[in-house]
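**Student:** Before we start, here is the structure in question, set down as structure tokens.
Every number in this text was worked out from the coordinates using simple rules, so none of it is lab data. In this text, all values refer to a predicted model and were calculated from it rather than measured experimentally. FYI the Cβ positions are ideal-geometry reconstructions off the backbone, even for glycines, and counts take in every protein chain you see.
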Amino acid sequence: MDIKQVKGNTFCIDTGMTYIPFYKINHEEIIMLDSGWKRGERRGIDQLLEENHFKVVAIICSHAHIDHIGNNSYLKKKYNCIIVMPAYEALICSSAVNLKLYYSTQTLAEVTEHFGHMVCETDIMIMDNEDKIYVCGSEFKILHTPGHSPAHICITTQDDVAYLGDSLISYEVMKGAKMPYAYILSEDLKSKSKLYDLKCSKYVVAHKGMYDDVTELITDNINFYKNRAKRVSEVINDAMTMEDIFKAVIKNFNIHVNSRYRYAVIERMLWSYVEYLNETGVIELNMDHGFLKYSKGSTDMIKP
Ligand SMILES: [Zn+2]
């Protein structure tokens, strides 16, 4: 784990898997953009912050996923820092009961056990109509990019560095991603297009890249997600239940599902592709003797 300078006072922690940007407001005090994953990253981040004598005064979160807010409550307790997050994301991780919205196929006891550490108190909620915020005297521009998660945001520091969170994935991640996650794929694609208008001098993608220009990466991301949707559509032949589609997809994509938790994760990922295909008319949903079944729709092409 090490620190890379992005530009001016904007740096990022390279955890190996992720870039976690931070903005230095003075020699000692920093504002983190996301806090990382608990299981694989907490120890390293903790050590790095201590070695550099940094004091975390705030964490601004792009979205409430486990690998982005996993150390929020830990760092808040340790440094007494404030947490800033889009309002809807903040509400999701405000309690285990609310987190169950994300993890609806698991029992509340399981959600509490596996994801309880994500629960944190947000001090400043960012509303949908806000395009900038002031945190500890520094201005951050906000671009709302819903889709990957309900209220995902991109955050631009005073150095004109945009942190894109999970609104884009790098080429390295694309290579290994069988079915990258989106909460609502159609919204996610719209948000990806919005990024064409974002003109900054540097861009940081959480998993994991640093760029001077993301124009090509945006186009390649959009095509990558659409191509995955097309591949899902290709396994849907006859009228199929969601479970039939699941079975066909994991076989076709060579995805290993060896636990019911993994099943829940893959099923959630697949849902957004199936919904997208349904929304675009590539497949349609009908009742068949009391079962919900998907079959080929009237449109057979995903628009480029
Ligand atoms: Zn995410």
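**Student:** How large is the dipole of the chain about the Cα centre if only Lys and Arg carry +1 and Asp and Glu carry -1, each at its Cβ, rounded to the nearest 20 debye?
**Tutor:** 540 debye
**Student:** Could I ask something else about it? Can you give me the distance in nm between label points at GLU130 and LYS251, each placed 7 Å from the Cα along the Cα-to-Cβ direction?
**Tutor:** Calculated label separation equals 5.0 nm.
**Student:** Just add up the charged neighbours of TYR88: K/R +1, D/E -1, any other residue whose Cβ is under 14 Å from the Cβ of TYR88.
**Tutor:** -4
**Student:** Separate question: Let me check I've understood the local charge: for LYS24, count other residues with C-beta under 12 angstrom from its C-beta, Lys and Arg +1, Asp and Glu -1. What total comes out?
**Tutor:** Net charge around LYS24: -1.
**Student:** Oh, and also: Which ³J(HN,Hα) values in Hz, rounded to whole numbers, follow from the phi angles of region 200-205 under the Karplus curve 6.51 cos²θ - 1.76 cosθ + 1.60, where θ = phi - 60° and Gly and Pro get x?
**Tutor:** So the J values, rounded to whole Hz, are 10, 8, 9, 10, 10, 9.
**Student:** To make sure I understand the rule: partners must be aspartates and glutamates, Cα under 12 Å from the Cα of LYS199, and not fewer than 8 residues away in the same chain. Which ones qualify?
**Tutor:** List returned: ASP160, ASP212, ASP213.
**Student:** Could you rank the peptides 124-132, 18-26 by their average count of other C-beta atoms within 10 Å per residue, with the highest value first?
**Tutor:** Highest mean packing first, the order is 18-26, 124-132.
**Student:** Between LYS78 and GLU284, what length comes free when the chain is fully extended (0.36 nm per residue of separation minus the Cα-Cα distance, one decimal in nm)?
**Tutor:** 69.0 nm
**Student:** Using the 10 angstrom Cβ neighbour count as an exposure proxy, how do TYR163, TYR103 rank, fewest first?
**Tutor:** TYR103, TYR163
**Student:** Related question: Report the calculated FRET efficiency for LEU108 and ASN227 (r = Cβ-Cβ distance, R0 = 41 Å), to the nearest 0.05.
**Tutor:** 0.65
**Student:** Pick from TYR171, TYR261, TYR276: which is most flexible by mean-square fluctuation in a GNM of the chain where alpha carbon atoms under 10 Å apart are linked?
**Tutor:** Comparing TYR171, TYR261, TYR276 in the GNM, the peak value goes to TYR261.
**Student:** Given a cut-off of 29 Å, name the pairs among LYS38/LYS251; LYS190/LYS296; LYS55/LYS194; LYS24/LYS132 whose C-alpha atoms lie farther apart than that in the structure shown.
**Tutor:** Table pairs above 29 Å Cα-Cα are LYS38/LYS251; LYS55/LYS194.
**Student:** For the residues TRP37, TRP271, what sequence is obtained by ranking on other C-beta atoms within 10 Å, fewest first?
**Tutor:** The order, fewest Cβ neighbours first, is TRP271, TRP37.
**Student:** Positive end of the charge dipole of region 27-75 (Lys, Arg +1 and Asp, Glu -1 on Cβ, about the Cα centre): tell me which of ILE45, HIS63, LEU33 has its Cα farthest that way.
**Tutor:** In region 27-75, that residue is HIS63.
**Student:** A further question on this structure: Can you classify region 59-176 as rounded, prolate or oblate using the Cα gyration tensor, where a ≥ b ≥ c are the square roots of its eigenvalues, rounded means a/c under 1.5, and otherwise it's prolate if a/b beats b/c and oblate if not?
**Tutor:** Oblate, since a/c reaches 1.5 and b/c is not below a/b.
**Student:** Could I ask something else about it? Give the whole-number value, in cubic angstrom per residue, of the convex hull volume spanned by the C-alpha atoms of the chain.
**Tutor:** 134 Å³
**Student:** What size of dipole, in debye to the nearest 20, comes out for region 157-239 about its Cα centre when the only charges are +1 on Lys and Arg C-beta atoms and -1 on Asp and Glu C-beta atoms?
**Tutor:** My answer is approximately 260 debye.
**Student:** Can you give the charge dipole size of region 80-159 about its Cα centre, rounded to the nearest 20 debye, using +1 on the beta carbon of Lys and Arg and -1 on the beta carbon of Asp and Glu? Numbers along the way, then the final one.
**Tutor:** Working: 3 positive and 10 negative charges, 23 e Å.
About 100 debye.
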